[in-house]
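What follows is a single structure, written as structure tokens, with notes after it.
The values are calculated or read from the model by the stated rules, or taken from the named source; none is laboratory data. It should be emphasised that the depicted structure is a prediction, and the values quoted were computed from it without experimental measurement. Ideal geometry is used to build each Cβ from the backbone, glycine not excepted, and the neighbour counts take in all protein chains shown.
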Amino acid sequence: MSLSKDYNTSLETFRIFWLDKNVHSEENKRSQIILRAIINNLKVFDDETECEKVIRDVSVADRIVLIVSGSLGYEIVPKVHNLEQLSSVYVFCWDKAKNEIWAQNFPKVKELYVKLDDLINRIQEDHKLRRMEEESLSMMTVFNTTGQLDQSSSGINGQFVHFQLLIDVLIRMKPNVHDKKELIALCKQEYSNNETEMKNLRDFKQNYLPDMAIWWYTRESFIYKTLNKALRVQDIDLLFLFRFFIRDIHQQLCENQEPSKFEVFFRGQWMSNDEIDKLKHSIGNFISMNSFLSTSKEESVARDFLENDSDQNDTSKQKVLFKITVDPQVVANKPFADISHLSYVEHEAEILFMIGSIFRLDRIQEGDSNNNQLKIFEMSLCGEKYGLKKLFEFMRNEYDIEETNLLSFGNVLRSMGKINHAEKYYRRLLNELHEDDPLLAHVYYNIGLVAKLKCDYDNSMEYYRKALKISMEHGSVDNVIIAKTHNGIGEILWKNGEKNQALESFKEAVKIFEQAKLGDRAEMALFQDNIGLFYREQSNYHEALFCYARSLMIRQKCLPKNHPDLAMSYNNVGNIRLHLNHQSIALECLKKALEIRTKAFPPDHPDIASSQKNLGDLYESTNEFRLALECFHNASEIYHKIWQPNHPDVIEINADIQRVSDKLENA
């Protein structure tokens, strides 16, 4: 199953756009070949309107370097200058003095040139610094452990936990030679017109070895560019193909990490004012690096980087020196090592930290004796006692094999709310398994679960029945998967209106667990939830509350306090309390459910939307229509992002918004 057909965008962060009436001249065409060796994705325009449209259409996750003639620059730069995706502008013109008059008003205009060779050399020099700067700004997640989350930090802790899980699963997954071939094929497609990178690809294909991973990462090539882009935007498919390479770097760092001593490392960085303001409000919080972090033993190297940068006059950015302290008493959660002897670049005292390394932001110093404009961010490397570790370890142990597989990977993606990606990798595994493999039942069950989430109930039932058939026929009975499949079949019967039959399936799942003495497992709570749903539909609210309370007790006993499954129980208890007119208790439970989900899930997870909708229902029942509408809009934003317009959740939330809007208007 090839992934290459899924990519319609650049694998790199940076693009060059060249706007000039004479862009197709022979001299310019020769220059474009040289430029493509610096930044692969190059597009030329001779029409200003078309160029502006394409610039606006580029994702804000990408960065554009714009080369423009003087006359067209005068027209287009004011229109696009403030767009986030525009990184830098270089003006190629005949009359430098004339164009400097307008260009001086726009900080992203780096320089004006009358000679192409000078322009290309400047772009090449700037790009070495620009790449490090731009690709690092979104490489960190700030999270806290206090439980106090405001709207601006919603989902951040959940993003941290799930990204840590994602990288952990990738590292522990056995390498596959076919994936390396698939990565090379994908890159060949991307770099087919770039002879420099095609040469690098041939070299990589023929000569790559696991103990050369860091050498390749530090080399100026497609590896660094595409891997960092994949990490920055969390491109699941590309990270999957890169997993052998990430695993190899991890292994090299582990093998070369020396016994820790008290040390201080440095990194120079230009950062946007917005990023700095965010960090100013995060002192005492934790920072997780979503990519590899390169630092230096030498403070002078980091300071020199800041002085060599081309953005000295850009008022939207400021100089930052990261000062990172490593305490010998701290056992780091991820490896780091001096890679001087492993790097492609010789004679650099470079320290490389693994993806997912965690630091505490201790303090921010405004300037020092050498530079009063410099901001010094002092951080310390964290060990195993960072907050949320208990939740991470519990969720990690849910994939309880030392070497993970595509099933583990799919399960993490599903828990992140990435339903389509999860299905893709379940089906990929399905194509790789033999017909007698014991994992088949698990794969069929999870495909059925994904189909249920997508409201494809016929397909869901088909795969659940396949899972049950294989489980019953297999020699060693797996009571857990059999019971979960009965429960899943019950959920589809329920959706199809066959509620009495559904109840029998739920009770069968409970019976299997009780006979196998598995009554305290977290799955039993889900079975109780579904039985409670039956009684709720019968308006037998007290019996439903009994089931939900039992479910909550099971989860409180066997799950960490901020595990997302606990939110399900609080949510169900809250809804029943609302039916019993216990509004204050209901509100407390529903808010608790939202709080847990906000911490445990990424911000666009469907369960967060579900909690927002439930709170909206409560506020509507108490005639607090403005609060209800706010919750419904929050839910709608997520549902419209993740589901198709005809999904029942989307249809229902649209109706909720319209109904409450009418009530508010008539109030």
Does region 63-70 include one or more residues that are closer than 12 Å to Leu19 by Cβ, assigned to a helix (DSSP H, G or I) and assigned by TED's automatic domain parsing to the domain that holds Thr13?
yes
Any residue at all in region 419-426 that is closer than 24 Å to Trp643 by Cβ and either of a type in the set (A, V, I, L, M) or not in a helix (DSSP H, G or I) (or both)?
yes
Conditions (1) β-branched (Val, Ile, Thr); (2) in a helix (DSSP H, G or I); (3) assigned by TED's automatic domain parsing to the domain that holds Leu321 -> Thr196 fails only (3)
Let me confirm something: among Ile123, Ile76, Ile55, which residue is at pLDDT 95 or above, touching a strand residue (DSSP E or B) at 6+ places or on another chain (Cβ under 7 Å), of a type in the set (A, V, I, L, M, F, W, C) and within 30 Å of Arg219 (Cα to Cα)?
Ile55
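In region 460-488, which residues are β-branched (Val, Ile, Thr), closer than 20 Å to Gly519 by Cα and assigned to a helix (DSSP H, G or I)? Steps first, answer last, please.
Looking only at region 460-488, we keep the residues that are β-branched (Val, Ile, Thr), and these are 470, 477, 480-482, 485.
Checking the rest, the ones that are also closer than 20 Å to Gly519 by Cα come to 477, 480-482, 485.
Matches in region 460-488: Val480, Ile481, Ile482, Thr485.
Looking for something in a helix (DSSP H, G or I), modelled with pLDDT under 95 and farther than 15 Å from Ser87 by Cβ - is there at least one such residue anywhere in region 7-18?
First, pick out the residues of region 7-18 that are in a helix (DSSP H, G or I): none.
No, region 7-18 contains no residue that is in a helix (DSSP H, G or I), modelled with pLDDT under 95 and farther than 15 Å from Ser87 by Cβ.
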Which listed residue, of Asn228, Asn193, is surrounded by fewer than 19 Cβ atoms within 10 Å (Cβ to Cβ) and touching a residue at least 24 places away in the same chain (Cβ under 8 Å):
Asn193
Can you confirm whether region 203-210 contains a residue that is in the same structural domain as Phe242 (by TED's automatic domain parsing), more than 17 Å from Phe292 (Cα to Cα), in contact with a Phe, Trp or Tyr (Cβ under 6 Å, 6 or more places away or on another chain) and not charged (D, E, K, R)?
no
Just name the residue that is nearest to Arg247 (Cα to Cα) out of those in region 345-376 that are in contact with a strand residue (DSSP E or B) (Cβ under 8 Å, 6 or more places away or on another chain) and among the small types (Gly, Ala, Ser).
Gly356
Leading residue by the ranking (modelled with the lowest pLDDT) among those in region 347-391 that are of a type in the set (Asp, Glu) and within 15 Å of Tyr217 (Cβ to Cβ):
Glu348
Hey, does region 162-174 have a residue that's in contact with a Phe, Trp or Tyr (Cβ under 6 Å, 6 or more places away or on another chain) and over 22 Å from Ser59 (Cβ atoms)?
yes
Residue count, region 439-459 (criterion: outside any helix (DSSP H, G or I) and more than 18 Å from Thr404 (Cβ to Cβ))
3
Which of (1) of a type in the set (A, V, I, L, M, F, W, C); (2) in contact with a Phe, Trp or Tyr (Cβ under 7 Å, 6 or more places away or on another chain); (3) within 26 Å of Asn273 (Cα to Cα) is the odd one out, the single condition Phe106 does not satisfy?
(2)
Take the residues in region 35-62 that are over 29 Å from the mean Cα position of the chain (by Cα) and either part of a loop (DSSP other than H, G, I, E, B) or assigned by TED's automatic domain parsing to the domain that holds Glu197 (or both); name whichever of them is surrounded by the most Cβ atoms within 10 Å (Cβ to Cβ).
Asp46
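Can you name every residue in region 328-344 that is hydrophobic (A, V, I, L, M, F, W, C) and either modelled with pLDDT of 85 or more or in contact with a strand residue (DSSP E or B) (Cβ under 9 Å, 6 or more places away or on another chain) (or both)?
Selection gives Val330, Ala332, Phe336, Ala337, Ile339, Leu342.
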Which members of region 458-468 meet the condition of being of a type outside the set (Gly, Ala, Ser) and crowded, with 17+ Cβ neighbours inside 10 Å?
Met461, Tyr463, Tyr464, Lys466, Leu468
Please determine whether any residue of region 609-626 is surrounded by 14 or more Cβ atoms within 10 Å (Cβ to Cβ) and free of Cβ contacts under 8 Å to residues at least 12 places away in the same chain.
yes
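Among residues belonging to region 469-528 that are farther than 25 Å from Cys455 by Cα and polar (S, T, N, Q), point out the one that is surrounded by the fewest Cβ atoms within 10 Å (Cβ to Cβ). Break it down stepwise before answering.
Applying the first criterion (farther than 25 Å from Cys455 by Cα) to region 469-528 yields 472-479, 511-521.
Now narrow it down to the ones that are polar (S, T, N, Q): 476, 479, 515.
Working: Ser476: 6, Asn479: 16, Gln515: 11.
Result: Ser476.
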Just one of (1) at positive phi; (2) touching a helix residue (DSSP H, G or I) at 6+ places or on another chain (Cβ under 9 Å) trips up Lys517, so point out which.
(2)
For region 166-183, does any single residue satisfy the condition of being at pLDDT 90 or above, surrounded by fewer than 17 Cβ atoms within 10 Å (Cβ to Cβ) and part of a helix (DSSP H, G or I)?
yes
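Does Lys188 satisfy being at pLDDT 85 or above, of a type in the set (Lys, Arg) and outside the structural domain of Ser272 (by TED's automatic domain parsing)? Steps first, please.
Values: at pLDDT 85 or above: yes; of a type in the set (Lys, Arg): yes; outside the structural domain of Ser272 (by TED's automatic domain parsing): yes.
Criteria met by Lys188.
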Out of the residues in region 509-538 that are within 34 Å of the chain's Cα centre (by Cα) and not in a helix (DSSP H, G or I), which is farthest from Asn397 (Cα to Cα)?
Asp520
